[in-house]
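**Q** I'd like to ask you about the structure that follows.
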Amino acid sequence: MKILVADDDSTSRLMLRGILSKWGDKEIITVADGHAAWQILEDPATPMIAILDWEMPGIDGVELCRMVKARSNPQPIHLILLTGRQTKDDIVLGLNSGADDYITKPFNNGELRARIGVAERLVNAQLSLSRKIEELAEALKHVKTLQGIIPICMHCHKIRVDEEAWHRIEAYIEDHSDAHFSHGICPECLEKYYP
């Protein structure tokens, strides 16, 4: 799991890198300004969790959240604003800008770890859901459906394709689906036709 830390304060960056590195197999990428963060967040191989300082040179954390959420990205990115701003209005503004979470400085290590854990669970759930959607879309490409009223002879079970032509039911179903038939003899027919 890659985590981006964007903070213009070098002490905060080093501290976050050290703390996050201790919590499992994580690749921590740190940058000092919003422009560098945006370059990383634009990349298709972007980290799936980003911890963004609100006030940074170039592009601030709130604007970065807006920019990330405005573009279509098949990979989910969980955005956490980390800031000294603590008023309710600031929290509302941060979350309304597209941040998925909001942590105030100075942060508690236990709280940060819990919020990173939540972020990882959400990202993994989104990735799993995305994979399932791709699998379903791929499966749907191979599905042909039979629908509507299909005229079938009550004696020989041939199907009328148009006003003149009648086809065996097996041929009709094979033409309109991915099903293929093999023939056998059921026990009742075996007894009736081959006593």
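The values are calculated or read from the model by the stated rules, or taken from the named source; none is laboratory data. These figures come from a predicted structure and were not determined experimentally. Counting neighbours? That spans all protein chains shown, and the Cβs are built from the backbone with ideal geometry, glycine included.
**Q** Residues that are crowded, with 16+ Cβ neighbours inside 10 Å and free of Cβ contacts under 8 Å to residues at least 12 places away in the same chain: find the strands (runs of 3 or more DSSP E) completely inside the range 36-110 holding 2 or more of those. Let's see the steps before the verdict.
**A** Working: elements: 49-53, 78-83, 101-104.
In the range 36-110, there are no strands (runs of 3 or more DSSP E) which contain 2 or more residues that are crowded, with 16+ Cβ neighbours inside 10 Å and free of Cβ contacts under 8 Å to residues at least 12 places away in the same chain.
Conditions (1) of a type outside the set (Gly, Ala, Ser); (2) outside the structural domain of Arg17 (by TED's automatic domain parsing); (3) at pLDDT below 85, marked per residue:
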residue	(1), (2), (3)
Val123	yes, no, no
Arg131	yes, no, no
Asp175	yes, yes, yes
Asp178	yes, yes, yes
Ser182	no, yes, yes
Glu191	yes, yes, no
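Condition check ((1) within 21 Å of the chain's Cα centre (by Cα); (2) of a type outside the set (Asp, Glu)) across all residues:
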site: Met1; (1), (2): yes, yes
site: Asp9; (1), (2): no, no
site: Lys26; (1), (2): yes, yes
site: Ile29; (1), (2): no, yes
site: Asn73; (1), (2): yes, yes
site: Pro106; (1), (2): no, yes
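**Q** Can I ask one more? Among the residues that make up the range 118-134, is at least one of them in contact with a Phe, Trp or Tyr (Cβ under 7 Å, 6 or more places away or on another chain) and surrounded by 13 or more Cβ atoms within 10 Å (Cβ to Cβ)?
**A** At the first step, the residues of the range 118-134 found to be in contact with a Phe, Trp or Tyr (Cβ under 7 Å, 6 or more places away or on another chain) are none.
Scanning the range 118-134 turns up no residue that is in contact with a Phe, Trp or Tyr (Cβ under 7 Å, 6 or more places away or on another chain) and surrounded by 13 or more Cβ atoms within 10 Å (Cβ to Cβ).
Yes/no matrix, rows are residues, columns are (1) in contact with a Cys (Cβ under 9 Å, 6 or more places away or on another chain); (2) of a type in the set (D, E, K, R):
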{"site": "Pro151", "(1), (2)": "no, no"}
{"site": "His155", "(1), (2)": "no, no"}
{"site": "Ile159", "(1), (2)": "yes, no"}
{"site": "Trp166", "(1), (2)": "yes, no"}
{"site": "Ala171", "(1), (2)": "no, no"}
{"site": "Ser177", "(1), (2)": "no, no"}
{"site": "Glu191", "(1), (2)": "no, yes"}
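**Q** Shifting gears a bit: Check Ile59, Ile40, Ile49, Ile29 and return the single one that is at pLDDT 90 or above and in contact with a Ser or Thr (Cβ under 9 Å, 6 or more places away or on another chain). Spell out the reasoning first.
**A** Details: Ile59 fails: in contact with a Ser or Thr (Cβ under 9 Å, 6 or more places away or on another chain); Ile49 fails: in contact with a Ser or Thr (Cβ under 9 Å, 6 or more places away or on another chain); Ile29 fails: in contact with a Ser or Thr (Cβ under 9 Å, 6 or more places away or on another chain).
The match here is Ile40.
**Q** State whether the residues of the range 58-73 include one that is in contact with a Cys (Cβ under 7 Å, 6 or more places away or on another chain), within 30 Å of Ile133 (Cβ to Cβ) and assigned by TED's automatic domain parsing to the domain that holds Asn124. I'd like the intermediate steps shown before the answer.
**A** Step one: filter the range 58-73 for residues in contact with a Cys (Cβ under 7 Å, 6 or more places away or on another chain), giving none.
Taking every residue of the range 58-73 in turn, none turns out to be in contact with a Cys (Cβ under 7 Å, 6 or more places away or on another chain), within 30 Å of Ile133 (Cβ to Cβ) and assigned by TED's automatic domain parsing to the domain that holds Asn124.
**Q** Return a yes/no flag: does the range 165-176 have any residue that is over 30 Å from Lys2 (Cα atoms), basic (Lys, Arg), free of Cβ contacts under 8 Å to residues at least 12 places away in the same chain and outside any helix (DSSP H, G or I).
**A** If we filter the range 165-176 for residues that are over 30 Å from Lys2 (Cα atoms), which is where we start, we get 165-176.
Now drop any that are not basic (Lys, Arg), which leaves 168.
Going one step further and asking which of them are free of Cβ contacts under 8 Å to residues at least 12 places away in the same chain, we end up with 168.
Remaining after also requiring outside any helix (DSSP H, G or I): 168.
Yes: one or more hits.
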